[in-house]
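Novice: The structure under discussion is supplied below as structure tokens; questions concerning it will follow.
The values are calculated or read from the model by the stated rules, or taken from the named source; none is laboratory data. Treat the numbers as computed from the prediction; the structure is a model and nothing was measured. Cβ atoms come from the backbone with ideal geometry, glycine included; neighbour counts cover every protein chain shown.
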Amino acid sequence: MTEPIIELQHVSKRYGDTVVLKDINIELERGKFYTLLGPSGSGKTTILRAIAGFLDVSEGTIMFDGKKINDVPANMRKVNTVFQDYALFPHMNVFDNVAYGLQIQKLKKAEVQTRVEAALKMVRLAGYADREISELSGGQQQRVAIARAIVLEPAVLLLDEPLSALDAKLRKDMQYELRELQERLGITFLFVTHDQEEALALSDEIFVMNDGEVQQSGTPVDIYDEPINHFVADFIGESNIVAGHMLKDFLVEFNGQAFECADAGMRPNEPVEVVLRPEDLDITTIGNGKVSVKVDTQLFRGDYYEIVAYDSAQNEWLIHSTNPAKDGDTVGLTFDAEDIHVMRLNESEEDFDARLESYEDD
Amino acid sequence: MAKKSSGTNALFYTPYVLWLGLFVIAPLALIVYQSFFDISGHLTLANYQTYFSSGTYILMTVNSVWYAFIITVVTLLISYPAAYVLHYAKHKQLWLLLIILPTWINLLLKAYAFIGIFSQDGGVNTFLGFFGIAPQQFLFTDFSFIFVAAYIEIPFMILPIFNGIEELDESFVNASRDLGATGWQTFTKVILPLTMSGVKAGVQAVFIPSLSLFMLTRLIGGNRVITLGTAIEEHFLVTMNWGMGSTIGVVLIVAMVIIMFLTGERKKRGSLR
């Protein structure tokens, strides 16, 4: 295991009685793309600002390359930030914005020139050096903000919801570019977003935040397939969450029926929540179905139909299907044992990881 | 319907147009008109000739500009840091109110108060007396004139600068720090340039009125400082040479227009495309 470039140990932040960060422990390795994902007010931007040096934490240690940097001022930290509103200096043109950090370092004119041009080329804005900021589109301003940060060759680049102001098409394009840029530069990116699709698409590792706590961390696939609790399951992707009981290992009861599943390590008869992803549900005849539901409404989403249906107990089921259903029809739903994901109530991430390991590797 | 609304519009415009006509355009026209007449009522350019050929008036003009300049600089040096501190202060609305408050008091009253404070047996000299320092002459010195003028003008400088700093997005400051700039570098390269419009507005609000100060020159400056304002007053009230007074007035107005032009917002080269 390589030495982490940034490490947060037991970091807390309070404003008076309001706790915005609770005992955050995060390790970032070199050269990876990390995402802090959570709803607004979950504390993700606070973590970013603490690492950048714009606010002091109430407790805990922030380590950079093995050294404590809690008391190092923002201008001495080897991290750079791409701000949500870009914060490009309106009184300078593109060149001067990108050159700002280099000129502060009093580098030679020729070197500044070369590095600025290289950075602008990197974000595909070569030839825009003489433009004023007000002449640029949102996407171009975004690129200038990135160029201004990467020109300083930071070890870690912090990105605070950088794509939130762009329209959907441009956002998709920028996602590819960001990922490509990160791989080319080989530096650590810490990306803050509330958009789960963005997080899943870009990250090597995601930290899902809520209420100032890291709820779950892991690869996008891990988090999507094995959400730890109701919040994560609900926040990442669409889900059907049903209350049930764990009868014994690999057998769970919900909707009044017992189903085989792929989860284990819980107490017999423990109350649990069961997650079924809408795309894992298949529509079939009532006879072949494990659950019978009545189709209520459906929306055409382009690449799939989103169908809302209700079972006899009036639980809502969300189904993604490539074929349309008929409103008012009663149909059967079928799914495999692996599609069922069982979540314990109030399980800590540590216990969760230990439990998964206990039965997955044998 | 349309007719009625245009009628109402005209009604709303009337007070403004009347005001503009009676108190701005008419006096301006009268001043320009008067400046072409000599004391016995003959149409002439002699007033302008006198103004630009006599050393006294030129000196007076230089004096006026010089004192207005010093007053503006002193005011700016005090106001910018004050506005900056105010921006980060806890109860800034209260502090702001305390700064605005003195402007509600009549100028003359404040001038008389300072006569009391600066006089031989006034507050300042009494205070100095505690340290065994003999009474000093404060009143009727350049120092007291500039001090009192700056005191009166400070609120008009602080307000626009304060507004400028308030409008400055905090993320610019963060961005500058993030890119490695120290606090001072951030100030000179980002904060000051981005609050310059506030400074310019403040300079306009202080420099232009300072050009024509006359009451303070008399009460606090003891007529040692003769500015164009004093000269106009003399011509209109004492020598009754309205033509000459008007000529100086025209010169002052031209000077103001020049200042407005110099401190006004100019288009940046990029936005001309």
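Novice: Tell me which residues, restricted to the stretch A:67-89, are surrounded by fewer than 15 Cβ atoms within 10 Å (Cβ to Cβ) and either among the β-branched types (Val, Ile, Thr) or at the interface with another protein chain (Cβ under 9 Å from one of its Cβ atoms) (or both).
Specialist: Result: A:Val72, A:Pro73, A:Met76.
Novice: Run B:Ala175 past the list (1) away from chain A (no Cβ under 14 Å); (2) in a helix (DSSP H, G or I); (3) over 14 Å from the mean Cα position of the chain (by Cα) and report the number of the one that doesn't hold.
Specialist: For B:Ala175, the exception is condition (1).
Condition check ((1) at pLDDT 90 or above; (2) touching an Asp or Glu at 6+ places or on another chain (Cβ under 9 Å); (3) acidic (Asp, Glu)) across all residues:
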position	(1), (2), (3)
A:Glu270	no, no, yes
A:Asn288	no, no, no
A:Gly302	no, no, no
A:Ile307	yes, yes, no
A:Ala313	no, no, no
A:Trp317	yes, yes, no
A:Pro324	no, no, no
A:Asp329	no, no, yes
A:Glu350	no, no, yes
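Novice: May I pose another question? Given the criteria more than 12 Å from chain B (Cβ to nearest Cβ), farther than 18 Å from A:Gln84 by Cβ and outside any loop (DSSP other than H, G, I, E, B), does A:Arg124 qualify?
Specialist: Working: more than 12 Å from chain B (Cβ to nearest Cβ): yes; farther than 18 Å from A:Gln84 by Cβ: yes; outside any loop (DSSP other than H, G, I, E, B): no.
When the stated conditions are applied, A:Arg124 does not pass them.
Novice: Can you pull out every residue in the stretch A:217-268 that is more than 28 Å from A:Ile206 (Cβ to Cβ), surrounded by fewer than 15 Cβ atoms within 10 Å (Cβ to Cβ) and charged (D, E, K, R)?
Specialist: A:Lys248, A:Asp249, A:Glu260, A:Arg267
Novice: Turning to a different aspect of this structure: Of all residues in the stretch B:156-171, how many are crowded, with 20+ Cβ neighbours inside 10 Å and either farther than 17 Å from B:Gly198 by Cα or of a type outside the set (Val, Ile, Thr) (or both)?
Specialist: 5
Novice: Right, here's the next one. Working only within the stretch A:127-141, note down all residues that are among the aliphatic types (A, V, I, L, M) and assigned to a loop (DSSP other than H, G, I, E, B). Talk me through it step by step, then tell me what you get.
Specialist: Of the stretch A:127-141, the ones among the aliphatic types (A, V, I, L, M) are A:129, A:133, A:136.
A:Ala129, A:Leu136 - these are the residues of the stretch A:127-141 that are among the aliphatic types (A, V, I, L, M) and assigned to a loop (DSSP other than H, G, I, E, B).
Novice: Among what's in the stretch A:90-121 and is of a type outside the set (A, V, I, L, M, F, W, C) and assigned to a loop (DSSP other than H, G, I, E, B), pick the residue that is farthest from the other protein chains (Cβ to nearest Cβ). Before you say what the answer is, go through the steps one by one.
Specialist: Within the stretch A:90-121, the first condition is being of a type outside the set (A, V, I, L, M, F, W, C), and the residues that meet it are A:90-91, A:93, A:96-97, A:100-101, A:103, A:105-106, A:108-109, A:111, A:113-115, A:117, A:121.
When the remaining residues are screened for being assigned to a loop (DSSP other than H, G, I, E, B), the result is A:90-91, A:105-106, A:108.
Values: A:Pro90: 7, A:His91: 5, A:Gln105: 6, A:Lys106: 11, A:Lys108: 16 Å.
Filtering first and then ranking leaves A:Lys108.
Novice: So which residues in the stretch A:1-38 are surrounded by 14 or more Cβ atoms within 10 Å (Cβ to Cβ) and over 20 Å from A:Thr219 (Cβ atoms)?
Specialist: Hits for the stretch A:1-38 are A:Gln9, A:Val11, A:Ser12, A:Lys13, A:Arg14, A:Val19, A:Val20, A:Leu21, A:Lys22, A:Asp23.
Novice: May I pose another question? Could you list, in sequence order, the residues of the stretch A:124-151 that are among the hydrophobic types (A, V, I, L, M, F, W, C) and closer than 20 Å to A:Tyr34 by Cα? Quick ask: steps written out before the conclusion?
Specialist: Looking only at the stretch A:124-151, we keep the residues that are among the hydrophobic types (A, V, I, L, M, F, W, C), and these are A:125-126, A:129, A:133, A:136, A:144-147, A:149-151.
Within the stretch A:124-151, A:Ala145, A:Ile146, A:Ala147, A:Ala149, A:Ile150 qualify.
Novice: In the stretch B:178-189, how many residues are part of a helix (DSSP H, G or I) and within 10 Å of chain A (Cβ to nearest Cβ)?
Specialist: 5
Novice: Every residue in the stretch A:127-139 that is on the phi < 0 side of the Ramachandran plot and either β-branched (Val, Ile, Thr) or away from chain B (no Cβ under 14 Å) (or both), please.
Specialist: Keep residues of the stretch A:127-139 that are on the phi < 0 side of the Ramachandran plot, which gives A:128-139.
Within the stretch A:127-139, A:Ile133, A:Ser137, A:Gly138, A:Gly139 qualify.
Novice: From B:Leu108, B:Leu128, grab the single residue that is surrounded by fewer than 15 Cβ atoms within 10 Å (Cβ to Cβ), in a helix (DSSP H, G or I) and either of a type outside the set (A, V, I, L, M) or without any contact (Cβ under 8 Å) to a residue 40 or more places away in the chain (or both). Break it down into steps so the answer makes sense when it comes.
Specialist: Working: B:Leu108 fails: either of a type outside the set (A, V, I, L, M) or without any contact (Cβ under 8 Å) to a residue 40 or more places away in the chain (or both).
It is B:Leu128.
Novice: Taking the condition of being in contact with a helix residue (DSSP H, G or I) (Cβ under 8 Å, 6 or more places away or on another chain) and aromatic (Phe, Trp, Tyr), how many residues in the stretch A:330-353 meet it?
Specialist: Counting residues in the stretch A:330-353 that are in contact with a helix residue (DSSP H, G or I) (Cβ under 8 Å, 6 or more places away or on another chain) and aromatic (Phe, Trp, Tyr) gives 1.
Novice: Same structure, new question: Among the numbered conditions (1) more than 21 Å from B:Asn163 (Cβ to Cβ); (2) not in a helix (DSSP H, G or I), tell me where B:Tyr67 comes up short.
Specialist: Of the numbered conditions (1) more than 21 Å from B:Asn163 (Cβ to Cβ); (2) not in a helix (DSSP H, G or I), the odd one out for B:Tyr67 is (2).
Novice: Residues B:Ile100, B:Ile58, B:Ile105, B:Ile70: which one is of a type in the set (A, V, I, L, M), at negative phi and in contact with a Pro (Cβ under 8 Å, 6 or more places away or on another chain)?
Specialist: Numbers: B:Ile58 fails: in contact with a Pro (Cβ under 8 Å, 6 or more places away or on another chain); B:Ile105 fails: in contact with a Pro (Cβ under 8 Å, 6 or more places away or on another chain); B:Ile70 fails: in contact with a Pro (Cβ under 8 Å, 6 or more places away or on another chain).
Result: B:Ile100 is the single residue among B:Ile100, B:Ile58, B:Ile105, B:Ile70 that is of a type in the set (A, V, I, L, M), at negative phi and in contact with a Pro (Cβ under 8 Å, 6 or more places away or on another chain).
Novice: Would you check which residues across the stretch A:47-62 are at negative phi, crowded, with 17+ Cβ neighbours inside 10 Å and either touching a Cys at 6+ places or on another chain (Cβ under 7 Å) or away from chain B (no Cβ under 14 Å) (or both) and list them?
Specialist: Listed by number, the residues that qualify are A:Ile47, A:Val57, A:Ile62.
Novice: Those residues that are more than 23 Å from B:Ala82 (Cβ to Cβ) and aromatic (Phe, Trp, Tyr), I need them from the stretch B:94-117; list them, please.
Specialist: Selection gives B:Tyr112 alone.
Novice: Moving on to the next point. When the stretch B:190-240 is examined, which residues are found to be crowded, with 17+ Cβ neighbours inside 10 Å, more than 14 Å from chain A (Cβ to nearest Cβ) and either outside any helix (DSSP H, G or I) or touching an Asp or Glu at 6+ places or on another chain (Cβ under 7 Å) (or both)?
Specialist: Scanning the stretch B:190-240 gives B:Val206, B:Ser210, B:Ser212, B:Leu213, B:Phe214, B:Ile220, B:Gly221, B:Val225, B:Ile226, B:Thr227.
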